[in-house]
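Here's the structure we're looking at; comments come further down.
The values are calculated or read from the model by the stated rules, or taken from the named source; none is laboratory data. Remember, it's a predicted structure, so these values are computed and weren't measured experimentally. Here the Cβ is made from the backbone with ideal geometry for all residues, glycine too, and neighbour counts use every protein chain on show. The accessibility values were calculated without ligands, DNA or RNA, using every heavy atom of the protein model including side chains. Shrake-Rupley method; radii C 1.70, N 1.55, O 1.52, S 1.80 Å.
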Amino acid sequence: MSGGSDVADTTSLSCARCGKPAHLQCPKCVELKLPREGAAFCTQDCFKASWSSHKAVHLKAKLSSLGTGTPHEQNSDLLNEGWQYCLKKGQARTPKLPHFDWTGELRPYAISSRRAVPAHIELPDWAADGIPKTEPNSDLQRVVEIKTPDQIERMREACRIGREVLDAAARVIQPGVTTDEIDRVVHDATIVAGGYPSPLNYHSFPKSCCTSVNEVICHGIPDARKLEDGDIVNVDVSVYYKGVHGDLNETYFVGNVDEESRRLVQCTYESLEKAIAIVKPGVRFREIGEVINRHTTMSGFSVVKSYCGHGIGELFHCAPNIPHYGRNKAVGVMKAGQTFTIEPMINAGVWRDRMWPDGWTAVTADGKRSAQFEHTLLVTETGVEVLTGRLPSSPNVFPWLNA
């Protein structure tokens, strides 16, 4: 702790912990040139007692100061705080930027430690060790489940929470915000609602949501990179609540975005809407890909083939498999009571993808941009119910919805 050199400056300050007159300043706050009001303490004891919470101020200041230099240079201070680069699908970390033949301009940044989940939250079976127990060997990987009325009602609740959480994330997106901050919003909003963020530690995924920027197709890991004016970012939210999952995502504009990116995002949104419009009992699952492929190719874009929609319920991922491309070989027909996601990933260039060294982040092979939208759907007797549909309170961020 450093003592105040000017009595006139320090006598007007109060201790950040107890409110008593303060004559000492946190040296780290002084180094970072933070406001003195929140960095003053009356004694060493008060400073030490506040340290566990007070140090978060330093980390937030460092995140706010990012913006110039290479990812490694920008992350140098964060590495000292325990932030590191992700490797091996979340099972390993490294202090050095991994070597890779990057396809576009984006690079990974260091990630923070895993966020805590309170004891009262119901956990999926992978929460502790990262290994799903029930899902891989379930019969529902082969048989499409018809949900009971109780399961459907619980899924409505989980999906409603998921929508509210995604909307909360959408409201904070702007230039200068890090994807780690978006993850914090998603995590906190999910916990407050009584849910568990399904991606957290699923097969060791290190974060509570996926944030996929520019050329990232899907499964981007939230990190210390600041969103920049002109970026596009997809936020993928999944919530586990009352024993079932809800899953949805949207792609957002960050500031002023170029015309091709706007066309790409709108085309992706429209392709999902057109696919949802055909959902009803008796329709073949393979038809979804035909509808999406037709709209996408007419717009001059391509459909990713490596990742598909999926069944969802008490399992995070199960049958049916929902390809988004044309001439696919998906089997089966839709029946009332089935729940699944449709989540087309559309690329501005070629459809092929590559995997980053973290083992999760899929990027376009040519470095061009990619967009995605996703809903969780229920097949009804007469058509479809969009369980994750937008609410009247959802932020107005898509210009074409105002036309």
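Some points to look at:
- Cα centroids of the range 303-368 and the range 169-216: 20 Å apart.
- Choice from K88, K133, K280 with maximal GNM fluctuation in the chain (Cα, 10 Å cutoff): K133
- Rounded to the nearest 20 debye, dipole of the chain from Cβ charges on Lys, Arg, Asp, Glu: 420
- The share of accessible area on the chain that comes from carbon and sulfur is 50 percent, using a 1.4 angstrom probe.
- GNM top mover of D223, D258, D180 - the chain, alpha-carbon springs below 10 Å: D258
- Per residue accessible area of the range 135-217, 1.4 Å probe, in Å²: 35
- Note that the chain shows a convex hull volume over its alpha carbon atoms of 160 Å³ per residue.
- Accessible area per residue was computed with a 1.4 Å probe on protein heavy atoms; L34 scores about 40 Å².
- Think of it as helices only: each DSSP H run of n ≥ 4 in the chain is worth -39500 (n - 2.57), and spread over all residues that comes to -9000 deg cm²/dmol at 222 nm.
- In the range 95-250, one over the average inverse separation of all distinct C-alpha pairs is 16.6 Å, which is the Kirkwood hydrodynamic radius.
- Within a straight-line Cα-Cα reach of under 18 Å, K147 can be paired with the following lysines, leaving aside sequence neighbours fewer than 8 residues apart in one chain: K242, K280, K335.
- For the range 302-403, the per residue solvent-accessible surface stands at 38 Å², with DNA, RNA and ligands left out and a 1.4 Å probe.
- Cα-centred dipole magnitude for the range 227-274, charges only on beta-carbon of K, R (+1) and D, E (-1), debye, nearest 20: 340
- Check: the range 307-403 dipole with +1 on Lys, Arg Cβ and -1 on Asp, Glu Cβ, in debye: 360
- Highest-MSF residue in the chain out of H187, H203, H375 [GNM, Cα springs under 10 Å]: H203
- When the chain is described by a simple charge dipole with +1 on each Lys and Arg Cβ and -1 on each Asp and Glu Cβ, the residue from G359, V379, G195 located farthest towards its positive end is G359.
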